[in-house]
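Below is one structure, written out as structure tokens; comments come after it.
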């Protein structure tokens with residue numbers, strides 16, 4: 001369930017070690033995880049070293065869902081077709097197929113949206129996503 005974090009190439013980093021929030025800021029904590037990859041950093045001369053940085057992102061892991069083929073296979077045919085249509089409208093056709101297979105992870109908010117859509121179509125049986133992966137919530141900082 002716990003896989004190694006992969007820092008997205010678009011993620012902006014912070015190199016200000018003197019910042020009082022550096023040890024809990026994802027932009028600083030993620031820097032050693034980048035390995036050999038090139039990174040984008042904030043200009044350290046423009047950052048606020050008082051701990052009130054506007055770029056601060058709390059470094060905490062969450063569970064991302066990986067795929068939902070199993071629940072889709074349980075849906076009655078008519079509900080299945082409506083679910084596919086609703087999910088494609090919500091995510092886009094390409095993204096729908098990527099998330100259904102588990103090629104793209106779902107954030108906790110996206111998981112709620114998928115559950116809402118399926119429930120709204122009348123499927124009330126309890127279900128889980130195919131798998132879960134613990135990682136940082138990278139998209140929270142945009």
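The values are calculated or read from the model by the stated rules, or taken from the named source; none is laboratory data. What you see is a predicted model, and the numbers here were worked out from it, not measured in a lab. Heads up, the Cβs are rebuilt from the backbone with ideal geometry, glycines too, and the neighbour counts pull from every protein chain shown.
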| said: Among the residues that make up region 46-67, is at least one of them assigned to a helix (DSSP H, G or I) and not assigned by TED's automatic domain parsing to the domain that holds residue 17? | reply: no
| query | Counting just the residues of region 13-32 that are surrounded by 15 or more Cβ atoms within 10 Å (Cβ to Cβ) and in a helix (DSSP H, G or I), which one comes out farthest from the chain's Cα centre (by Cα)? | reply | 22
| message | Condition check: assigned by TED's automatic domain parsing to the domain that holds residue 11, loosely packed, with under 12 Cβ neighbours inside 10 Å and more than 22 Å from residue 9 (Cα to Cα). Does residue 77 satisfy that? | response | no
| Qualifying residue in region 75-93 (condition: closer than 16 Å to residue 138 by Cβ and outside any loop (DSSP other than H, G, I, E, B)) | no
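Here is a yes/no grid of residues against (1) surrounded by 15 or more Cβ atoms within 10 Å (Cβ to Cβ); (2) in contact (Cβ under 8 Å) with a residue 40 or more places away in the chain; (3) in contact with a strand residue (DSSP E or B) (Cβ under 6 Å, 6 or more places away or on another chain):
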{"site": "92", "(1), (2), (3)": "no, no, no"}
{"site": "101", "(1), (2), (3)": "no, no, no"}
{"site": "112", "(1), (2), (3)": "no, no, no"}
{"site": "120", "(1), (2), (3)": "no, no, no"}
{"site": "134", "(1), (2), (3)": "no, yes, yes"}
{"site": "137", "(1), (2), (3)": "yes, yes, yes"}
| remark: Across region 112-134, the tally of residues that are within 17 Å of residue 75 (Cβ to Cβ) and not in a loop (DSSP other than H, G, I, E, B) stands at 8
